[in-house]
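What follows is one structure encoded as structure tokens, with my remarks underneath.
The values are calculated or read from the model by the stated rules, or taken from the named source; none is laboratory data. Since the structure is predicted, the reported quantities are computational estimates derived from the model, not experimental observations. Here Cβ is always computed from backbone atoms with ideal geometry, including for glycine, and neighbour counts include all displayed protein chains. Only protein heavy atoms, including side chains, enter the accessible area calculation; ligands, DNA and RNA are left aside. Shrake-Rupley method; radii C 1.70, N 1.55, O 1.52, S 1.80 Å.
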Amino acid sequence: MPEIPATQRSLNIEYAIRDVVVPATELEAQGHSIIKLNIGDPIAYPGLPTPAHMVEAFTRALNDGRNGYSPSYGLPELRNAIAQDEKRKGWPATSDDVYVCHGVTEALQILFQATLEEGDQVLAPGPHYPPYMAYPQMYGADTIEYQLDSAGGWALDFDDIESKMNERVRLFVLINPNNPTGAVVGKDDIDRLLNILKKWPDCILVADEIYDGLDFSNRQVSAASCSDSTPVVTMNGVSKVYYAPGWRIGYMALHDPESTLTSVRDGIERILRSRLCASTPAQLGFLAGLEQDRSWMQDYSHTVKQRRDVCLERIATIEGLEVEAPEGAFYMFVRLTDAHWKDNDKEFVLQLLHEEHVLLVHGSGFSRDKGKGHVRLVFLPDIPTLHEAFDRIDSFLKRHRKM
Ligand SMILES: Cc1ncc(COP(=O)(O)O)c(C=O)c1O
């Protein structure tokens, strides 16, 4: 029988972070234990559990029979709490501006469906979180990467941005703090970016701020709070700074200072209604996170920063590795300086996995051009595990240098 074909668009999708898990799972099946520094899931590592009051609210919702559908745009009380939280970040959000989704991932797909036509462009940072490349092509659009400065803290390159803006760019993506680099963009640079975007009235700024509670620089600001003309769609949720990625709850919030988003809003709402709603009990868990004391978040952030500092200290002493210190999130994008690995980051990851049982993600999985010669490392494991991982990486590099 002939094979039934899949669409080319689906076959184009790559997600490096999970693709490298396949050989790791095979090794585990053979009885090896792997140190996993590949996945941005805080629950996969010790010491960073979902806060108990959020878990209680989620289970209480289940026991109270809150197991039905919710309104399509989200529970009103959650939309209101999110709006209050965004207001606290500096822009006049209302409940009506907030749409609750199954994670930022679903919010992005809905935004792309509502804004992108064949031939449109999305400008996203290079390197970037892979769905920004994978999803727009599903709607016939192209993702073009703008340059981040690899030797200058992965800062925005404004000349490159200006040269790539044109009337087909419908969405400009800012990930702040960034995955995979951990870089933070401060207010001055956001203002400078908005000055460029002002010239392109058909372009929406997508501000992915899912790591905003993990900012070691204190420079992170809400992009919506800086904009008085460009429309901004802020993305956030429970996955990272509320330590509950398996709940699959996130949101988009529309800041529309010049009322240019009426039609986009209508499109978004139609899509939201057609996909019913996000999980009701999980929304109530998030609500507890927003409404109750959040001082725990600082403690968690402090723990993550300590783990970052250990990685920076170790990398400084290992020949063959260099890194721009991340200012936020829980990733670092490490440069491979040995001639042999510079052009072979995927081979580095696979050989390291097989020989030392340490799992990283190849940088070229975050951008074929701008990520190559790098690996992404998640600095969430406890400190002894991080030391063990760096001991193994160091001996791997030394051994291969002698070969
Ligand atoms: C920048 C960025 N945005 C969004 C997501 C996914 O968000 P969610 O779990 O809410 O779908 C991730 C997950 O790694 C991410 O790094």
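Spatial offset of the stretch 236-274 relative to the stretch 92-119 amounts to 4 Å, using the alpha carbon center of each.
If I stretch the segment between Gln30 and Gln84 completely, what's the gain in nm (0.36 nm per residue apart, minus their alpha carbon distance), one decimal?
Details: separation 54, 0.36 × 54 = 19.44 nm, distance 5.05 nm.
Value of the extension gain: 14.4 nm.
Per-atom-type breakdown for the stretch 53-291 gives carbon and sulfur 46% of the accessible area (1.4 Å probe, protein chains only).
Taking 7 Å steps out from each Cα toward its Cβ at Glu388 and Val55 produces label points 2.3 nm apart.
Charge dipole (Cα centre; +1 on Lys/Arg Cβ, -1 on Asp/Glu Cβ; no other charges) of the chain amounts to roughly 480 debye.
When GluC sites (Glu not before Pro) are flagged only if DSSP places them in a loop and at most 16 other Cβ atoms lie within 10 Å, the longest unflagged stretch of the chain comes out as 15-116.
When the listed pairs Lys198/Lys305; Lys87/Lys199; Lys36/Lys89 are checked against a 30 Å cut-off, the alpha-carbon distance exceeds it for Lys198/Lys305; Lys36/Lys89.
Report, to the nearest 10°, how far helix 295-317 tilts away from the longest principal axis of the Cα atoms in the chain, using its own Cα long axis and a range of 0 to 90°. Roughly 30 degrees, rounded to the nearest 10. What the chain shows is 42 Å² of accessible area per residue, with the surface traced by a 1.4 Å probe over protein heavy atoms.
Maximal additional length on extending the Arg66-Glu319 stretch stands at 85.5 nm, based on 0.36 nm per residue less the C-alpha distance.
Percent of alpha carbon pairs in the chain separated by more than 36 Å? Let's see the in-between values first.
Working: 19830 of 81003 pairs.
Counting every Cα pair in the chain, those more than 36 Å apart make up 24 percent.
In a fully extended conformation the segment linking Gln351 and Thr262 would gain 26.9 nm over its present Cα-Cα distance, using 0.36 nm per residue.
In what sequence, largest accessible area first, do His32, His340, His362 appear using a 1.4 Å probe?
Reading off the accessible areas and sorting them downward yields His340, His32, His362.
Please work out the C-alpha center-to-center distance from the stretch 35-89 to the stretch 364-403 and express it in whole Å. The stretch 35-89 and the stretch 364-403 have Cα centres separated by 32 Å. Over the C-alpha atoms of the stretch 53-291, the Rg to Rh ratio, Rh being the Kirkwood estimate, stands at 0.96.
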